[in-house]
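I have placed the structure first, in the form of structure tokens, so that the comments after it can refer back to it.
The values are calculated or read from the model by the stated rules, or taken from the named source; none is laboratory data. Note that the structure is a prediction, hence the values are computed from the model and not measured. Reconstructed Cβ throughout: ideal geometry from the backbone, glycine too, with neighbour counts over all protein chains shown. Calculation scope for accessible area: heavy atoms of the full protein, side chains included, ligands and nucleic acids excluded. Shrake-Rupley method; radii C 1.70, N 1.55, O 1.52, S 1.80 Å.
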Amino acid sequence: MFAYVLHSRPYKETSALVDFFTPDGRLRAVLRGARGRNGGLARPFTPLELELRGRGELKSVQRLESAGIALLLGGQALYSGLYLNELLMRLLPAEDPHPALHQDYSLSLAALAAGRPLEPILRAFEWRLLDELGYGFALDRDACGEPLHAEVLYRLVPDAGFERIQQLQPGCFHGRDLLALAEADWSQPGALMAAKRLMRQALAPHLGERPLVSRELFMNIKESSRD
């Protein structure tokens with residue numbers, strides 16, 4: 001099966017415990033000989049051909065081969081790729097098939113490697129992840145099913161949708177920005193910032209209080225670039 005490595009850590013003397021992302025979901029397996037050829041292959045952002053053995057939740061890698069050229073991510077693109085991996089590790093249940101999300105992940109990595117703008121890639125993947133896991137909501141209608149209006153203010157009710165409000169409050173959204181997001185119109189002023197706030201609010205209940213390591217690394221590299 002086609003796979004990517006999401007996370008790997010040492011296991012016993014010469015093995016590694018690896019989380020793979022496949023069309024069949026997130027699968028955890030013991031990779032023997034991790035200090036040799038297999039360890040060189042089992043790196044993030046490398047397309048792999050994977051065969052597993054075993055019936056329990058913890059399987060063993062029977063065969064691991066390269067399925068293409070490793071995607072070279074550097075700088076902010078690298079931390080963005082690590083962010084996608086951490087989201088999948090934190091939110092995607094083990095052995096829960098999501099073939100469409102797997103394809104979206106592969107296309108997102110290719111877009112990062114091609115140097116395309118980061119923010120639209122990240123926001124689009126976050127949205128698809130929420131939708132695949134059953135946490136999505138309409139971007140052009142409120143929680144009651146009524147169409148959004150450009151001149152109206154809304155707040156997000158997690159896992160339900162948008163609720164109309166009468167005045168500005170922290171974390172609220174302009175209808176015009178939400179309608180732009182529904183059309184994936186990133187040229188609308190304020191759309192990207194609104195998308196970032198929206199995805200943070202939507203993801204927060206499912207991520208819990210433990211901070212994302214990749215997000216902290218990303219912020220650190222941005223701060224360093226300003227110095």
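General remarks:
- The set of residues from segment 31-49 being modelled with pLDDT under 95 and hydrophobic (A, V, I, L, M, F, W, C) comprises Leu31, Ala34, Leu41, Ala42.
- In segment 135-150, the residues that are part of a loop (DSSP other than H, G, I, E, B) and either among the hydrophobic types (A, V, I, L, M, F, W, C) or open to solvent by less than 60 Å² (accessible area, probe 1.4 Å) (or both): Gly136, Phe137, Ala138, Leu139, Ala143, Cys144, Gly145, Leu148, Ala150
- Segment 50-78 residues that are touching a residue at least 40 places away in the same chain (Cβ under 8 Å), paired with ones that are among the charged types (D, E, K, R) and outside any strand (DSSP E or B) (beta carbon under 6 Å, 6 or more apart): none
- Qualifying residue in segment 78-100 (condition: more than 24 Å from His206 (Cβ to Cβ) and modelled with pLDDT under 95): yes
- Residue under evaluation Leu27, criteria (1) aliphatic (A, V, I, L, M); (2) closer than 16 Å to His102 by Cα; (3) surrounded by fewer than 17 Cβ atoms within 10 Å (Cβ to Cβ); (4) out of contact with any Ser or Thr (no Cβ under 9 Å at 6 or more places or on another chain), criterion not met: (3)
- Considering residues of segment 62-99 that are open to solvent by less than 20 Å² (accessible area, probe 1.4 Å) and out of contact with any Pro (no Cβ under 8 Å at 6 or more places or on another chain) only, the residue farthest from Phe20 (Cα to Cα): Ala77
- Test for Leu87: is it hydrophobic (A, V, I, L, M, F, W, C), in a helix (DSSP H, G or I) and under 24 Å from Arg215 (Cα atoms): yes
- Contacts under 6 angstrom Cβ, first residue in segment 156-176 being without any contact (Cβ under 8 Å) to a residue 24 or more places away in the chain and open to solvent by 50 Å² or more (accessible area, probe 1.4 Å), partner of a type in the set (A, V, I, L, M) and not in a loop (DSSP other than H, G, I, E, B), 6 or more apart: Glu163/Val157
The rows are residues; the columns are (1) part of a loop (DSSP other than H, G, I, E, B); (2) farther than 30 Å from Pro117 by Cα.
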site	(1), (2)
Ser8	no, no
Ala16	no, yes
Gly33	yes, yes
Asn38	no, yes
Arg43	yes, no
Glu49	no, no
Tyr79	no, no
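- If only residues of segment 105-127 that are surrounded by 19 or more Cβ atoms within 10 Å (Cβ to Cβ) and charged (D, E, K, R) are counted, the one that is farthest from the chain's Cα centre (by Cα) is Arg123.
- Verdict on Trp186 being surrounded by 13 or more Cβ atoms within 10 Å (Cβ to Cβ), in contact (Cβ under 8 Å) with a residue 40 or more places away in the chain, touching a helix residue (DSSP H, G or I) at 6+ places or on another chain (Cβ under 9 Å) and outside any helix (DSSP H, G or I): yes
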